Structure formats: C-alpha cells, structure tokens
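For reference, the structure is listed below as structure tokens.
The values are calculated or read from the model by the stated rules, or taken from the named source; none is laboratory data. Please read these numbers as outputs of a predicted model, since none were measured by experiment. When we count neighbours, we look across all protein chains shown, and the Cβ atoms used for this are built from the backbone with ideal geometry, even at glycine.
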Amino acid sequence: MPNKKILIVDDDRDVQQGMNLRLKANQYDTCLAGDAFSGVAEARRSEPDLILLDLGMPAGGGFLVMERLKMIPSLAVIPVIVVSARHGLENQKRALESGAKAFLQKPVDDDQLLAVIRQTLGEPARMKKPALCNQGVV
Amino acid sequence: MKEKPLQVLLVEDNAGDARLIREMFINERPDSFELTHLLRMSDAETQLAKGGADIVLLDMGLPDGHGLDTVRRAHAAAPGVPVIVLTGLDDEALAAEALKEGAQDYLIKGQIENRALPRALRHAIERHRMQTETDLIRINQMQFKDEFLSHVSHELRSPLSAIRQFVTILLDGLAGELKPAQHEYMEIVLRNVKQLQSMINDLLEVTRGQAGKLTIEPQRASISDAIAYVVSTLQGAATAKGITLSSDNECVLPSVCADPTRIRQILIILVDNAIKFTPADGEIKVQARVFDKDPRLVVLEVSDSGCGISPDMTERIFERLFQTSDPSLEGRNGLGLGLYICKELVTRQGGQIWAKSALGQGAVFSVTLPIFSLPNLISPAFSKEVRADRPVAIVVTEIGSQSGWLSDDVRAEQSHGVREVLQHCLHSDLDVLLPKMGAAGGVELFFVIALTDSIGGEAISKRIRERLQEHVQRAGLTVSTSYQFLPPVKRKSTESIEEHLERLGAGIQELIDVETSSRMVVNA
C-alpha cells in the first residue's frame, strides 16, 4: 500500500522541517507550504490525505485555509488537524467548528501528534519507534 | 465654562436637622450646590438609581432603614456615589463601622461648623474620585500584566516547539546514531526544554487562575491511583539524583471528591519540589490516610529528607512568585509559582495545604481533600428534618459532542460551562448538582438531585434543557434531559438522620449506576 501523504502548512520553517522529518520517519509522504495562500495551492496540486495546519500565518491564517478548502469539493473532504501555539478555548472551538478534526497545542508531543494522525486517517495504533540508541543515559 | 452645581442628596427624617444642614449652604454661591431633601431610605434608593447625585448625606436612623444597612443600601443603589453619614454624639463607633462599609466620611450632628460642611462635601467627592481612579488603574494594570504574560507565553511556545522537535529527532536517531555522550547531552537539553515548557504552562495557569478560568471538574477520584501515577512518573528523576521515592498508603483509602487531573498536578508539583531540594541518598515518601482530625477528609503527605524550610517561611512559600533568599537553596528554582498553583488547586477543591519543616530537617507538605460521600453531598437539600420524607427526582442531563477529537483541557472547560448553566437552573436549598459520577461512553452525564415529585422533575428537566440549548449550540454540543423518580424513602422511627441519608444515598447511587451503564451499552 502506498504511503499516506500529509501536507504541513506552517510559516515557521523550523517547525515545518521538524514535523517533516518526524512524519517521514513514520512512513508518511509529505508536502510543505509556508503560508495560507500556498497552503491552498499545494493542497490543490498534491491532494494530500491529511493537512496539518498552523493558525497564525501570513497571507491569511489557518482559518482562511479551511474556508477556501471547503469551497473546493475535492479538497473539502481532506481532514485537517490544527497545530497551533494559540491558546484558549475560543480558538479550539473555532477550529473545530470550521471543520478541523482535532486541535493540538504547540509544543506538540510527537506521540500524541502521531496518534491523532493515525486516528484521523483510520489507521491502527502503533507503538512509538524505540530509540535507536539509549546507552549512556544518566 | 460654567461648572454645574454639585447635586447633594440629603436623606434625613428629622425636619430640624434637615433645616440646620440646609442653612449651612446659605453662604455658598447659589450655583455651587443643589440640595435635594428626602425623608425615607426607599425614596433615596429610587432617586439614586435614577442617577444625577454627586454625593449623599445620609442619616443612619431613618423610618425605613437603620444603621449600617442604610449605607449598604445607598451603595447598592448607586455604587459610584460617595456617602457621608450623619450621626448623633453617641454613635461614633457606628460611624467608624460605616467607614469600613465604604462611607467616605462621617459628621456628628450638632458639631458641624457652618463653613465646614460644604468643604467636607467637596473633599469627600475629590477623595472618592481619586480612589476610584486608583482602583481603575490597579485593575487595568492587573489586566495588562495578565494579558502580557499570556501573550508572551504564547510567543515563547513556537520556538520552544522547534527546539523540542529537533531534540527528539536527534534522540530518536532519525538523523543518525548518537554517541553515548551526545545522547546524554541531548537528554539534558530535552529536560531543560520540558522545564521551560512547564514554566510557560505555570504562567498561563496562573493568568487563567486570575481570570477565573481555571477549570476543576470534581468527581469520585482515587488517591491511590494518583499517587501510583506520580511515583512512577517521577521515579526516573528521583533515581537520577540518587533519591529513594516511595509511597506508603493505608490499605483501603476512600475515594475523594476532586478532579483527578488536578490531584496529579498537585502531587507532581510537591514531589518535583521535594526532588529539587533533597540531596543524593535522600528519601521522599508519599503517603495518604483518613485525616485523624476530621474523618470527612483524606490527608496526603509528601515528606522529604531535604534541606528543609525555616519555620517562619512555611506560610510564605505558598505566596505568588515567592523565591527563597536562603543562599543554600539558590539555584534554578523556577518561577516561584508551583506552590502557589498548588494552593489555588487545593483550596478550590475544598481542601487545605500546609508545610511543616525546620532548616536542615526535611519538610512535610500536607494536603487535605474531601472524601467522596453521596450522603454528604445530598445532605444540604435534606438538612431540614421535615424534608427527609419528601419524594426525590433525579434529573439526568446528557451532553454529547458534535466535534472531533478534543483535548482534555477543552473537555474540562466545556463541562465547566455546562455546570455553570446548570447551577443557575437550581434552587440552592432544594436541588443539588452532583459532581461528575463517572464517564459513560462518549457522552457526559450530569445529575441533579431535586427535592420534588415527578411533576417537579419534569419541570426542572424542561427548564434545564431550555437554558442549556443556546449554550450547547454555541459550543458545538448536543443536549438531552430526562428524569428518574425515586419513590419517597421514609425515615424509620429507629433511624438517625445520618442513617436515613445513607439509605437515600444508596438509592440515588443505584439509579445513577443504572443510567450510566445504560449509556455505556447504547454508546458501545
């Protein structure tokens, strides 16, 4: 079975790259976008299975991305997980009302992120890959 | 520009006194004061509510109001208007009390000099204005500080997010295998990142606490589970410092009525602190038992063999932003918010926290929490003997979620919101909203015990549904209500109130169990 493809939309290049590495190590294909506008464009181009979406971004935030996606029938069905540093019930509620499947708070725990991704994609739960090297730990 | 005359409201039932006061304004410019004279407190309240008065001159012995009550009523009718009380020679003590209630000043009848009254009025108004301004500035500053802290905390999260991601990427070997020393150093980075993250969370927790947004969902919770969780979570950190961390409980501990997440949070802060201040080869013990001084409480103790706290500091350590000035304890001690948060969490759950210690002799932190007891929870409604035999309706409110995956925080906040609405639907002395009684597959159940027959049960159930409708729609939730009727549980002639409550509690528990388990089947 081919790998599932995940689009990461985040304007923080470091966070984007970190997620990219983590997802690839867990057998997901990835594509990237750094703002709302290219997020929608990239979704249209690569039709991912899932989108990880930041909220505070240039060229319109994550809410705008969700709005645009909803207008395009082929993209409206792609599940979105919001990963944001923004705090507060209001943002979480708004994200879920806008159609997000989940809201995760940055800094996000890798295990939790992977678990929510698998749940959203309907994949069976997996154990976290054990650390390759655990010698020398105090 | 011509200034508007000051509007003085004189509330005085004695015509002679009122006349004397009126005459004291005779030498003032006619456009500087305008005096309105009323005889009764109720008229004064109506007048004050309309607005327009700049100051009230209030006699404390009126036909329809007496003593401090008059001051309270004047304040309630117009909170922003300063009040000067007029008293006789013999009740100066009462006047002093009036100042505590918020009166600006008091004047003793018969001792007011002619020119002094207008001056006293102007001063009182000015003092009041300055005080109001200072209060406003203080509130604004507090609000600004909390918003600032909240904003900064959010901004710090993004870079921290990247650091944590890459450290775990390195530690998990995703960028190639690390040498043992590199691995060790990366673990140190991760530990510090986590510390920073927990400080940011503390800051947010405190600002949320200040804003009254700290959510606590009391329920039947196991202390033993919380202790086991915390000991296993922090075992690694203790072992790394060469500290023995163990727990030692009474065999069977009663459940407490508290939020299990918050109990874990309290214990983590206390044990984490103990680890911080205990040297190698030290010992930390977590214990719990029924409190010998009050059998309605459980006491949790975290004791350590660390450096201890001087006795005069054992109360101050719970203050917000407290930092020790003892050089032997210096080091990275965090923000000084941990114990403050602990105290907030404990007291908001009906418990107490205190520390006993002496320098160099270790410390014992004790926390009490109320034992979960249905008879105790329902007793307020049944406290009056005549009510003990009344029928009981159990109103069940079922809240479901339309949204997808929700974090525990959001769930807790939603529950909290529903609870607040429910609380407003109840008569405080006839109905009791029970704490969370356990989870039922995917939905949340709220139980209200109401002293009423089945018709009343139907009415409450309808009222709850209507009032919740708007709230749940806004929060993306669904609501349904129903009620169960518990036939009157007659008190036996040989039974004490406590024994009777015990039987009532058992009956209610049985109905709750049936409701909960039927939801489990439906939602399974």
- Query: Where in the range A:35-130 are the strands (runs of 3 or more DSSP E), entirely inside, with at least 3 residues that are buried (at least 21 other Cβ atoms within 10 Å of the Cβ) and of a type in the set (A, V, I, L, M)?
  - Reply: A:50-53, A:80-84
- Query: Mind checking which residues of the range A:77-86 are under 20 Å from A:Gln119 (Cα atoms), in contact (Cβ under 8 Å) with a residue 12 or more places away in the chain and not polar (S, T, N, Q)?
  - Reply: A:Ile78, A:Pro79, A:Val80, A:Ile81, A:Val82, A:Val83
- Filtering the range B:155-176 for residues that are at the interface with chain A (Cβ under 7 Å from one of its Cβ atoms), under 30 Å from B:Val206 (Cα atoms) and in contact (Cβ under 8 Å) with a residue 12 or more places away in the chain leaves a count of 4
- Task: Considering (1) at the interface with another protein chain (Cβ under 10 Å from one of its Cβ atoms); (2) free of Cβ contacts under 8 Å to residues at least 12 places away in the same chain, say which one A:Gly56 fails and leave the rest.
- Result: (2)
- Query: Within the range B:226-235, is there a residue that is surrounded by 15 or more Cβ atoms within 10 Å (Cβ to Cβ) and within 21 Å of the chain's Cα centre (by Cα)?
  - Reply: no
- Message: For the condition over 14 Å from B:Gln7 (Cα atoms) and in contact (Cβ under 8 Å) with a residue 40 or more places away in the chain, what is the one hit in B:Arg122, B:Arg19, B:Arg129, B:Arg115?
- Response: B:Arg115
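Matching residues to (1) of a type in the set (Asp, Glu); (2) free of Cβ contacts under 8 Å to residues at least 60 places away in the same chain; (3) more than 26 Å from B:Leu477 (Cβ to Cβ):
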| position | (1), (2), (3) |
| --- | --- |
| A:Gln17 | no, yes, yes |
| A:Ala25 | no, no, yes |
| A:Ser38 | no, yes, yes |
| A:Ala41 | no, yes, yes |
| A:Val65 | no, yes, no |
| A:Met71 | no, yes, yes |
| A:Glu90 | yes, yes, no |
- Query: Does the range B:98-110 include one or more residues that are in the same structural domain as B:Leu68 (by TED's automatic domain parsing), among the hydrophobic types (A, V, I, L, M, F, W, C) and more than 34 Å from the chain's Cα centre (by Cα)?
  - Reply: yes
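Within the range B:177-294, which strands (runs of 3 or more DSSP E) (wholly inside it) include 2 or more residues that are within 14 Å of chain A (Cβ to nearest Cβ) and either without any contact (Cβ under 8 Å) to a residue 12 or more places away in the chain or closer than 25 Å to B:Arg157 by Cβ (or both)?
Numbers: elements: B:219-221, B:244-249, B:256-258, B:283-290.
Fully inside the range B:177-294 and qualifying: nothing.
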